[in-house]
Amino acid sequence: MISVEGLTVEFGGFTLFDDVSFVVNKKDRIALVGKNGAGKSTMLKIFAGLQSPTSGTVSVPKETTIGYLPQQMKLADTQTVREEAEQAFEHIHEMEKEIERLNQQLAERTDYETESYQNLIDRVTHLTEHFQMMGGNNYHAELERTLIGLGFSREDFDRPTSEFSGGWRMRIELAKLLLRKPDVLLLDEPTNHLDIESIQWLENFIATRANAVILVSHDRAFIDNTTFRTIEIELGKIYDYKVKYSEYVELRKERREQQLRAFENQQKKLADTEAFIERFRYKATKSVQVQSRIKQLEKVERIEVDEVDTAMLSLKFPPAPRSGSYPVIAEDVAKRYGDHLIFEHATFTINRGDKVAFVGKNGEGKSTLVKCIMGEITDFTGKLQLGHNVKIGYFAQNQAQLLDENMTVFDTVDYVAQGDIRLKIRDILGAFMFGGEASDKKVKVLSGGEKTRLAMIRLLLEPVNLLILDEPTNHLDMRSKDVLKDALKEFDGTVIVVSHDREFLDGLVDKVYEFGNKRVVEHLGGIYDFLEHKKMDNLRELERSAQATTASTEGTASEPTRNKLSYEARKEQSKAIKKIEKAIAESEKKITELENSIAAIEAKLATPEGAADVSLYTEYSELKKNLSDTMDLWAEQTMELEELNAANR
């Protein structure tokens, strides 16, 4: 579909890509990986046509559509969420207006026998068929499905986009991009503004409904669940692995070991050759051999080895000052903004040394509770008590704004470092991508992401015993995330992490607090235990709710009768769930079959013979309508199941 030939990109004498070639095929799911600065985002911009290479070509077929979601973008704030999302269907609206205009002409004209009138009829017929093939009458359901999947509620649809944070507006842009269904989807860190449930929805969308996808992400679990080809960018070259990310990691390790062995062997041969030249350089009888060896040296293509993986660096942060046994105790805490309830009945205890995660949809109160713990919000109800000698270290996105812009990167860290850790400042900065000359930069010239990383390092060196981290991994690459995760695991204080990054939380936290439905629910165990446990919880809640509903309906009925009816109700409820799940599975199977049939006809229509076959257009239109109807049915079934689960939590 897309062919890259001899791609070279140079910036002021520095070569980012050096004669790179590869092909992107239809339905490819590609993860672009490499260090920060390796050129991943640049590659996406070149594909999107926003940047030109120094030399080489990127060949894209004329009819191929490309959709690009950058890390940052300027967002408009003049419409509602629904109106903004509907911009994805501008081409359908334009076609609809054209059909209306042509129909008006047909109604006004009376030259029924002329050739131009017949041509007008043909034009209207063709446009109408094309309009139906593109789902012109059924896009509303798909729009709502996508917005709900990305975390919006129906009540949000008619709210102005200006009422939403930058992260939520990025979700709107992502929704528009997905609704356009481009042939190639380019995603640069798409999970940065999504919660766990929205990430899982996006994973499912990419797996089942997207065409070709090329993405950059530091969320290991996300790329492992969405891609099956990994292209690594390293030292200006690319290494193409036809495997998912977790398998690539193993293959890369093997390749690097081979690379090191080859490098060591070459270095030994070079040393032997140089020793021979040095030994016999001034002996006339050996001049021919010496010149021959010198030419050999000049022709040798030196093997390059990637820089040392700084993520293997082991950091030990200063010991945390000892706090009381229970750093945070909450009893029946509730928070409202006016009449709007955020959460209530929050009762829990965080023990000294606990590593806990706050998870849930955005807007459910995670950051609000954090601010209550920190004392920034005081008008909550209930009791919230901090333990003896608790010293809080807090990281959020705005922490970067509090740095002194006139200090250098090195001085910023050196200012807070204490003890032996000061001897390792250069190593620490290198691990967080501030190696070499970057450590001498002034803070004011750093990008937003760089400032965020610097604020993270500064926080982790301060002597605190309760670390509260709000989305700490958004601007860290995988190696830096590993350094941070290992440091937090060794930290002997208490940690609260607000995050949607499952891989980062896995093995780090031993308790999960779920925010949802105005409640804060404690789950013991790691993040994947929680995700599995949550499904079981929903089913039990469904049964308990069904039992309670039956009991209240019966009123004064005898206890045996109530128990019997409760059992029968649960039995019927279980049957209903299985029936809906079976129906959803059947709909999904039918959708796959219809999409395969449509793809087969599209392939035929792409040939001259197929384009001339009128019956194919009719069949194509019927299949598209059938697909649209089936998608609508699937959406209704899915929403029905979701509503049942939500109503019975």
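Efficiency by 1/(1 + (r/R0)^6): what FRET value for Lys518 and Lys582, r their Cβ-Cβ distance, R0 = 35 Å, to the nearest 0.05? Efficiency at R0 = 35 Å is approximately 0.60.
Dipole magnitude for the range 1-158: about 900 debye, using +1 per Lys or Arg Cβ and -1 per Asp or Glu Cβ, origin at the Cα centre. Taking 7 Å steps out from each Cα toward its Cβ at Leu402 and Thr78 produces label points 3.8 nm apart. Estimated purely from DSSP H runs of n ≥ 4, each contributing -39500 (n - 2.57), the mean residue ellipticity at 222 nm for the chain is -16000 deg cm²/dmol once divided by its residues.
The HN-Hα couplings worked out from phi for the range 294-303 by the Karplus form 6.51 cos²θ - 1.76 cosθ + 1.60 (θ = phi - 60°) are 4, 5, 4, 4, 5, 8, 5, 8, 5, 6 Hz, whole numbers, x standing for Gly and Pro.
Here is the list for the range 50-119: chymotrypsin sites (Phe, Trp or Tyr not before Pro) lying in DSSP coil, each with at most 14 other C-beta atoms within 10 angstrom of its C-beta, are Tyr112. Among the GluC sites (Glu not before Pro) in the range 355-439, those located in a DSSP loop and surrounded by at most 15 other Cβ atoms within 10 Å of their own Cβ are Glu376, Glu405. The packing ranking of peptides 513-524, 91-102, highest mean first, is 513-524, 91-102, where packing means the average number of other beta carbon atoms within 10 angstrom of each residue. Only lysines eight or more places from Lys269 in sequence, or on another chain, were considered; those with a Cα closer than 26 Å are Lys237, Lys253, Lys283, Lys286, Lys295, Lys299. Cross-link pairs exceeding 28 Å between alpha carbons, from the set Lys355/Lys424; Lys355/Lys444; Lys40/Lys391; Lys244/Lys485; Lys27/Lys62: Lys355/Lys444; Lys40/Lys391.
Each Lys and Arg contributes +1 and each Asp and Glu -1, all at the Cβ; summed about the Cα centre of the range 331-377, the dipole is approximately 220 debye. Sorted on the mean count of surrounding Cβ atoms within 10 Å across their residues, most packed first, peptides 177-186, 162-171 read 177-186, 162-171. Between Gln258 and Lys97, the C-beta separation translates, for a Förster distance of 51 Å, into a calculated FRET efficiency of about 0.25.
Taking every protein chain into account, the 1.4 Å probe leaves Ser246 with about 50 Å² of accessible area, to the nearest ten. Once backbone amide H atoms are built at 1.01 Å from N, Val509 has Ile527 as its partners under 5 Å, excluding neighbours fewer than 5 places away on the same chain.
In terms of overall dimensions, the range 381-514 has a Cα radius of gyration and Dmax of 15.2, 51 angstrom. Here the chain carries DSSP beta bridges of which approximately 50% are antiparallel, counting only pairs with both residues inside. Here the Karplus curve 6.51 cos²θ - 1.76 cosθ + 1.60, taken at θ = phi - 60°, turns the phi angles of the range 214-219 into couplings of 10, 9, 10, 7, 9, 8 Hz, with x standing for Gly and Pro. Selection among Leu459, Ala599, Tyr139 by position relative to the dipole of the chain gives Leu459 as farthest towards the positive end (Cβ unit charges, Cα centre). Put one equal scatterer on each alpha carbon of the range 219-374, apply the Debye formula with no solvent term, and list log10 I(q)/I(0) at q = 0.16 1/Å to two decimals. Debye curve over Cα of the range 219-374, log10 I(q)/I(0) at q = 0.16 Å⁻¹: -1.04. Near the amide H of Phe17, within less than 5 Å, lie the amide hydrogens of Val9, all on another chain or at least 5 residues away, with H placed in the peptide plane. Between amide H atoms placed 1.01 Å from N, distances below 5 Å from Val390 occur with Gly324, all of them 5 or more places distant or on a separate chain. Over the range 65-187, what portion of Cα pair distances is larger than 27 Å, expressed as a whole percent? The answer is 34 percent, as a whole percent. A cut-off under 13 angstrom between Cβ atoms defines the neighbours of Leu127, and their net charge, with Lys, Arg +1 and Asp, Glu -1, is -3. For the range 91-154, the C-alpha radius of gyration sits at 1.57 times the compact-globule guess of 2.2 N^0.38 Å, with N the residue count. Candidates Ile214, Val4, Pro327 compared by Cα position along the dipole of the chain: farthest toward the positive end lies Pro327, with charges placed on Cβ. Farthest toward the positive end of the dipole of the chain, out of Met374, Ser587, Leu179, is the Cα of Met374, where the dipole comes from beta carbon charges about the Cα centre. A Stokes-Einstein calculation at 37 °C with viscosity 0.692 mPa s, built on the Kirkwood radius of the chain over Cα pairs, returns a diffusion coefficient of 112 µm²/s. FRET efficiency for the Thr347 to Glu108 pair, using the beta carbon distance and R₀ = 60 Å, is estimated at 0.25. Couplings 3J(HN,Hα) for the range 199-208, derived from phi with the Karplus relation 6.51 cos²θ - 1.76 cosθ + 1.60 (θ = phi - 60°), are 4, 5, 5, 5, 4, 5, 4, 4, 5, 10 Hz, where x marks Gly and Pro. Per the Kirkwood formula applied to alpha carbons, the range 182-263 shows a radius of gyration over Rh ratio, Rg over Rh, of 1.04. What you get for the chain, charging only the Cβ of Lys and Arg (+1) and of Asp and Glu (-1), is a dipole of about 2600 debye around the Cα centre. Label point of Thr15 set 7 angstrom out along Cα-Cβ; within the range 224-249, amide nitrogens under 20 Å from it belong to 232-240. Percent relative contact order of the chain, based on C-alpha pairs within less than 8 angstrom and at least six residues apart? That works out to 13 percent. When you restrict to C-alpha pairs under 8 Å that are six or more residues apart and normalise by the size of the range 70-224, the relative contact order lands at 32 percent.
In this rough spin-label picture, where each label sits 7 Å from Cα along the Cβ direction, the Asp427-His140 distance is 6.4 nm.
The values are calculated or read from the model by the stated rules, or taken from the named source; none is laboratory data. Bear in mind the structure is a predicted one, so any value in this text is a computation, not a measurement. Using ideal geometry, Cβ is built from the backbone for each residue, glycine included, and neighbour counts are taken over all protein chains shown. What goes into the accessible areas is simple: the full protein's heavy atoms, side chains included, and nothing from ligands, DNA or RNA. Shrake-Rupley method; radii C 1.70, N 1.55, O 1.52, S 1.80 Å.
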